[in-house]
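Below is one structure, written out as structure tokens, with a few remarks after it.
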Amino acid sequence: MTLRPTNLPFDTLVAPIQRRRGATPVLTVVVVAALLAACSTPVRQSSSKPQADAAASASAAVAAPSPAAAPVPAPPPAYQAQPAPRAGLARNRAVATGNVLIAPPMPLPQQALPGRDTERYDKIKDNPVKLTAQDAVSTLSLDVDTGSYSNMRRFLKQGRLPPADAVRVEELLNYFPFPFTYSNQPTAGAPFGVTTEVAPAPWNAQHLLLRVGVKAVDVQSGQMPPANLVFMVDTSGSMARADKMPLVQATLRMLTEQLRPQDSVSIVTYSGHVSLALPATNDKQKILGVVGGLRASGATSGGQALAMAYEQARAAFKPGGINRIVMATDGDFNVGVANVEQLKSMVARERASGVSLTTLGFGTGNLNEPMMKQLALVGNGNYSYIDSATEARKVLVQELSSTFNTVAADVKLQLEFNPASVAEWRLIGYENRVMSEADFRNDQVDAVEIGAGKSVTALYELTPVGQTTLHAPRRYGQTTQAAATGKAGELAEWRVRYKAPGQSQAREIRQPIAVAPGNAAPSVDFKFAAAVAGFGQLLRTSPYIGQWTYDDALALARAGRGDDPQGYRAEFVQLVETARTLAPKAPGAGMPGNLQAPQ
């Protein structure tokens, strides 16, 4: 290899680089190495490509390791993993070119990768099929949360199917305000009614689908008790996105506009530090001014903020009123008390004071849904995911009374199935709300609070006696007698147990469910509820829906649109159409064709 000579002295090459403002010794040495390498190109190469030759030589020089130099330490880990270095740059090495020892370039500061998905969801395992002769009783806390539905909608509008564990069928069902014709005559003073309906299951004509609906009495927002609200607002850096802080501000403005003279609001903000942004007041202009000035930056010290929010709620406590913390966050707590169990313990202690907790989830990418859902459950409140200003209006304007005004506490549902009529049964959804049979009458076991006007739906798939079952016949017979003397015309009995708000003594109502006639036609609302449940199971790739498809869900949803004043059902039809286009097209993909219980 012949070297091309140069007449320029070394100082002449280096001086212009050193005079540049901000040039570092490392940068100077790296550039000089590149210049020296450029002078080392073969004479036989064409002089018409000096820049390409220099770049290639510099890249080769940087890749040549030298054992003499110590590695440059990497910076500490940041919020997310650092992008891989560019090809041709060897990290943590030193490079020798001629007599010059060149250190590798200093690593760039690590930064969060835009669009990286670290969202968290609790693992959900579908409820199994139960053999009635061995286990005839289903007990659960009802669920008033709706966050899974709006989160599912957000995924579909982004052009992708939601993760299976982000889909909770019961929250898809309870998003819709079903009208009810009560089938029971509850004890005078009960704050809700119960309705039941039975028809063939759409995904298996040999099975039945039982719908149990609970509808709380309606109370107009103007008739609600006085409200003491604490806005607990996450202003950390993770909230500095268009789908977070601006939407939080729009949501809180809507809620502020609903305030009456007897209501008050205080505001606690938290990022790297916790601040009382506004003591309790009824002055809407002050509230709107603070909300409009919210800015996102820093870490997330949620535990300390929660303690301050409870302190403010107690300070402005309204006896006999609504005392509620409204937490607006993506749930990404990373400073101070951030462990979910510790936070739940704090909330459980504080709920005894009469202060409840509502959580509102915002944004994408780092959504911590399990934390928000669990805190709302323990805090006797509810969880909603706000994906748009329209959803904010639904939760905090149109359904304000059901969101905040509790009319029944610790509401539990129990069904006992008649083994003479039902061979097997399966609860659809509510996997995280299932209780033991003994918990039903243990009034120390916490359950859901139901707000005014709220409708809650539970669906059961039943295998009638005489139809093929998933449980094979036992060689030595069943361990329990499958008989219910004198009750052959009954399918099951429902029981609901609840407390009046602020009371410790529970009340219980119950009623048997008659076996439906074989030619009973399902109602429009039944069809729509079945379509929603089937759609949720498709998104979860449930093993219990056979060959049922998105086309089937779409046809059933269209048949069940009925009266739709808010347009919620029409929107659902559009979401099913979107999911159908996004779903895998391979035969059986996402919809197993055989009925077998999960392992």
Straight-line reach from Lys412: which aspartates and glutamates have a Cα under 12 Å away, not including same-chain ones fewer than 8 places off? Asp143, Glu437, Asp439, Asp443, Asp446, Glu449, Glu508
Inter-label distance for Ala307 and Ala389, nm, one decimal - labels placed 7 Å from Cα along Cα-to-Cβ: 3.8 nm
Specify the inter-centroid distance of the stretch 523-571 and the stretch 219-277, based on alpha-carbon positions, in whole Å. 35 Å
Per residue, how large is the accessible surface of the stretch 267-326? Use a 1.4 angstrom probe and give square angstrom. 41 Å²
Just grab the label-to-label distance for His471 and Gln505, each label 7 Å out from Cα along the Cβ direction, in nm (one decimal). 3.9 nm
Out of residues 5 or more away from Met435 or on other chains, whose amide H comes under 5 Å of its own, with H placed 1.01 Å from N in the peptide plane? Thr139, Leu140, Ser141
Using θ = phi - 60° and the Karplus curve 6.51 cos²θ - 1.76 cosθ + 1.60, what whole-Hz ³J(HN,Hα) does each residue of the stretch 461-471 get, with Gly and Pro shown as x? 9, 10, 9, x, 4, x, 8, 4, 10, 6, 7
Toy charge model, Lys and Arg Cβ at +1, Asp and Glu Cβ at -1: the stretch 151-290 dipole around Cα centroid in debye, rounded to 20, equals 380 debye
Leaving out same-chain residues fewer than 8 places away, which aspartates and glutamates sit with a Cα under 19 Å from that of Lys487? Asp135, Glu197, Glu416, Glu424
The answer for the stretch 411-457, accessible area per residue at 1.4 Å probe in Å², is 30 Å²
Filtered hits (aspartates and glutamates, Cα-Cα < 12 Å from Lys318, offset >= 8 within chain) -> Asp263
Search the structure for amide H atoms under 5 Å from the amide H of Phe192, placed 1.01 Å from N in the peptide plane, and list their residues when 5 or more places away or on another chain. Val217
Compute the Cα gyration tensor for the stretch 238-369, then decide on rounded, prolate or oblate, letting a ≥ b ≥ c be the square roots of its eigenvalues: rounded whenever a/c is under 1.5, prolate when a/b is larger than b/c in the other cases, and oblate in all that remain. oblate
Amide hydrogen neighbours beyond the local backbone of Met232, cut-off 5 Å, H modeled: Val268, Val326, Met327, Ala328
Once you place label points 7 Å from the Cα toward the Cβ at Gln223 and Ala520, how far apart are they in nm? 3.2 nm
Per-residue HN-Hα couplings for the stretch 254-271, Karplus 6.51 cos²θ - 1.76 cosθ + 1.60 at θ = phi - 60°, whole Hz, x for Gly and Pro? 4, 5, 4, 5, 8, 5, 10, x, 7, 9, 9, 9, 10, 10, 10, 10, 8, 9
Under the Karplus relation 6.51 cos²θ - 1.76 cosθ + 1.60, θ = phi - 60°, what is the ordered set of whole-Hz ³J(HN,Hα) values for the stretch 340-348, x standing for Gly and Pro? 4, 5, 5, 5, 5, 5, 4, 5, 4
Let's test the formula: R0 of 22 Å, r as the Cβ-Cβ distance of Ala240 and Thr581. What FRET efficiency results, to the nearest 0.05? 0.10
With every protein chain left in place and a probe of 1.4 Å, what is the accessible surface of Arg253, to the nearest 10 Å²? 100 Å²
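The values are calculated or read from the model by the stated rules, or taken from the named source; none is laboratory data. All figures in this text were calculated on a predicted structure; none of them were measured in a lab. Using ideal geometry, Cβ is built from the backbone for each residue, glycine included, and neighbour counts are taken over all protein chains shown. Just the protein is used for accessible areas: all its heavy atoms, side chains included, with ligands, DNA and RNA removed. Shrake-Rupley method; radii C 1.70, N 1.55, O 1.52, S 1.80 Å.
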